[in-house]
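Only one structure is covered here, and it is reproduced in the block below.
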Amino acid sequence: MKEVVRARGHENVSAEHASTFEVTTDDWLTPAGDCILAVEADRSPADFDPAFVEACRNAGSEITVRFEANGHTETVRGRGHPDLSFGSERSMVGRTSEYVDDRTFVVNAGKAAAGFDRELVDALADGAEVVVTIEVEPAG
């Protein structure tokens, strides 16, 4: 199962955060938002299909997040969690930890924003369009 989100980069994308990465529906980004990779997302977690959400709520589910922009691709693998709500209508956050709130869509991610390929980050800082594909492989 998969969900696709389209967004764009922003001049303040720095991708320096060491434990999270984020995509937001907001149309602005301050320099303090060092985990945010893209703005103006066309969808938020609250828009995702209920069957997709349910599959992500299994701790054994594998979640793969792929960012594609200007010929650059970054893939992050993580896990699902029983407490994922997908309730946020504003943003989605991937976390290297197991912390969960209404914005969290993947935990135990293999990397945070700081680990993203710098060529992709540069493209996003130049305002590139980005396609974020989230795939879940249910456990068992």
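Please treat every number below as a calculation from the coordinates, not as lab data. All values reported here derive from a predicted model rather than from experimental measurement. Using ideal geometry, Cβ is built from the backbone for each residue, glycine included, and neighbour counts are taken over all protein chains shown.
Please tell me if Val131 is farther than 21 Å from Glu16 by Cβ and part of a strand (DSSP E or B). So that I can check it myself, show each step before the final result.
On the way: farther than 21 Å from Glu16 by Cβ: yes; part of a strand (DSSP E or B): yes.
For Val131, the condition - farther than 21 Å from Glu16 by Cβ and part of a strand (DSSP E or B) - is met.
Screening Asp83 with (1) out of contact with any Ser or Thr (no Cβ under 9 Å at 6 or more places or on another chain); (2) surrounded by fewer than 20 Cβ atoms within 10 Å (Cβ to Cβ); (3) on the phi < 0 side of the Ramachandran plot gives one miss only, at (1).
Please go through the stretch 45-73 and pick out each residue that is of a type outside the set (A, V, I, L, M) and assigned to a strand (DSSP E or B). Quick ask: steps written out before the conclusion?
Filtering the stretch 45-73 down to residues of a type outside the set (A, V, I, L, M) leaves 45, 47-50, 52, 54, 56-58, 60-62, 64, 66-68, 70-73.
Within the stretch 45-73, Glu62, Thr64, Arg66, Phe67, Glu68, His72, Thr73 qualify.
Return yes when Glu129 is surrounded by fewer than 18 Cβ atoms within 10 Å (Cβ to Cβ), more than 22 Å from Val13 (Cβ to Cβ) and acidic (Asp, Glu) and no when it is not. Against the criterion (surrounded by fewer than 18 Cβ atoms within 10 Å (Cβ to Cβ), more than 22 Å from Val13 (Cβ to Cβ) and acidic (Asp, Glu)), Glu129 does not qualify.
Scanning the stretch 92-110 for residues that are within 11 Å of the chain's Cα centre (by Cα) and part of a loop (DSSP other than H, G, I, E, B) returns Arg103, Ala109. Candidates in the stretch 1-44 are the residues that are assigned to a loop (DSSP other than H, G, I, E, B), buried (at least 17 other Cβ atoms within 10 Å of the Cβ) and without any contact (Cβ under 8 Å) to a residue 40 or more places away in the chain; of these, the one that is farthest from the chain's Cα centre (by Cα) is Leu29. Of everything in the stretch 110-122 that's of a type in the set (Gly, Ala, Ser) and surrounded by 21 or more Cβ atoms within 10 Å (Cβ to Cβ), which residue is nearest to Val23 (Cα to Cα)? Here the answer is Ala113.
How many residues are among the hydrophobic types (A, V, I, L, M, F, W, C), outside any loop (DSSP other than H, G, I, E, B) and in contact with a helix residue (DSSP H, G or I) (Cβ under 7 Å, 6 or more places away or on another chain) if we restrict to the stretch 74-91? Don't jump to the end; show me each part of the working.
Looking only at the stretch 74-91, we keep the residues that are among the hydrophobic types (A, V, I, L, M, F, W, C), and these are 76, 84, 86.
This time we only want the ones that are outside any loop (DSSP other than H, G, I, E, B), so: 76.
Right, trim to in contact with a helix residue (DSSP H, G or I) (Cβ under 7 Å, 6 or more places away or on another chain) and you get none.
Adding up the residues that qualify gives 0.
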